[in-house]
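Quick notes on the structure that follows.
The values are calculated or read from the model by the stated rules, or taken from the named source; none is laboratory data. On a predicted model such as this, the values are computed, not experimentally measured, just so you know. Note that we place each Cβ from the backbone using ideal geometry, even for glycine, and neighbour counts take in every protein chain shown.
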Amino acid sequence: MASEIDELYLPPPASFAVERAPRKKLEEIQHARLKALLRRAWERVPFYRRRWQAAGMAPEDVINIEDLKKLPVISKKDLEEDLLANPPFGTYQGSFPAVRVQASSGTSGHPKPVFHTQSDWNVIGNFWARRLHAQGVRKGDIVQFVFTYSLFIAGFTATEGAMKLGALVVPTGSGAVTPSERQVRIAKDWGTTVLAGTPSYVLHLADVAEKAGFDLRRDFKLRVTCHTAEALSEPARRGIEERWGVVAYDNFGSVETGAPTFECVEKSGYHINEDGYIFEVLDPETFEPLPAGQEGVVVATSLFKEAAPVIRYNMEDISTLIEAPCPCGRTFRRLGKIKGRTSEMLKVRGVPLYPTAVEEVLERFPALTREYLLVLSRAGQQDRAAVQIECRAGAQQDAGLKERVERELKVVTGLSIEAELLEAGELARHLKVEDRIKAKRVWDRRNL
Ligand SMILES: [Zn+2]
């Protein structure tokens, strides 16, 4: 059941023209689609209408793309409050014929529902097809999805995208439904060429396969891995590429936005599907737009979405816009490496700390696995930070390891963080590595 919206956002190869369109043409497309989006939201999404009215704004006041900045920035908290006041689904879904609800975990621990119409779902599938195609997935590939199939969106929409390309999908899901030993066996026996999942789970599968006696580079036909949901740090990328003998790609997005961005073969920032999205990078305090190259908070507008559109939605991720042309030939602008989430930023003894900074340090030590847990506690009035880390077999005999890790942590974070070295597998069991959707890395016990 194709609507007119479906026909605007095509999968490859039909999308090649728009992916390489002149900037002027892209801006014309964005302008027309922004006007249509604002009109739809005004008429059918009470959440936005109320906020714009409160700010003295109406869709007519947005004459060109620059005027978008006159509209209020929406936070995760705004959506959560709307949900609380208007249970069970909130008024941000709008009145559209939705056919599917997915959800994000939400900061409060309650799932935040996100509705999709048939068209929303189809378009996000097309954007996933663009991602996978840009990362080398083609008809004939055997793509094994090891994302969790649940209220979490990525597994399902990624599957749609791969099918649109004509690849053969193997939907094994996470370790919770297909044990990791079986995942590895299927990948080998069925000749999986592409593995798509979170970086931590794909690395875990490498451990499982090695333990089962496989030679990762010889016994498998893997060429490519595609990731999302957890940030792919450069050390994790190198680890995946070297161990599996693949090229590993990252994709940045969220349940609320769909599949907005992707890395191309250059692996140098995330191309934004600019026919379907407008991304801004704003000053985190004032929400004033920042010039390209300057670090700020990422704010997204989904032009195509009918149900639960996001319009100036603060993703709470810190990054930069890259305007320089990409050698791949796409004219879609890029988002730089994600530096961290403002919502994930911790303050320890008054010093800002991103868990990703801890991860970058740990990944410099080959003796450590990637499993870690940052534990914050309080001794008297003083914050105490410790990181529990799994080591590979034999590493605990290395008397200087603990001290070297602590020294690096101090250099990178500016904080004294105690390192507690654990045996391999100890933390993985505790953190339920088989079952999780994405890794939880912080246990803040300071207010317990
Ligand atoms: Zn590119």
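Of all residues being under 14 Å from ILE272 (Cβ atoms) and away from the ligand (no atom under 12 Å from the Cβ) in segment 314-334, which is surrounded by the fewest Cβ atoms within 10 Å (Cβ to Cβ)? Just the residue, please. Among those that are under 14 Å from ILE272 (Cβ atoms) and away from the ligand (no atom under 12 Å from the Cβ), it is GLU323. Pairs meeting the criteria (first residue in segment 281-295 and surrounded by 12 or more Cβ atoms within 10 Å (Cβ to Cβ), second residue modelled with pLDDT under 95 and aliphatic (A, V, I, L, M), beta carbons under 7 Å, at least 6 apart or on different chains) are GLU295/ILE318. Are any residues in segment 201-218 part of a loop (DSSP other than H, G, I, E, B) and surrounded by 14 or more Cβ atoms within 10 Å (Cβ to Cβ), and if so, which ones? Matches in segment 201-218: PHE214, LEU216. Which one is nearest to the ligand (Cβ to nearest atom), of the residues in segment 265-280 that are more than 13 Å from ILE318 (Cα to Cα) and free of Cβ contacts under 8 Å to residues at least 60 places away in the same chain? If we take residues in segment 265-280 being more than 13 Å from ILE318 (Cα to Cα) and free of Cβ contacts under 8 Å to residues at least 60 places away in the same chain, then LYS267 is nearest to the ligand (Cβ to nearest atom). Of the residues making up segment 129-140, just one is touching a Lys or Arg at 6+ places or on another chain (Cβ under 8 Å) and away from the ligand (no atom under 16 Å from the Cβ), namely ALA129. Listed by position, the helices (runs of 4 or more DSSP H) enclosed by segment 341-448 that each have at least 3 residues that are within 30 Å of GLY253 (Cβ to Cβ) and touching a Leu at 6+ places or on another chain (Cβ under 7 Å) are 355-362.
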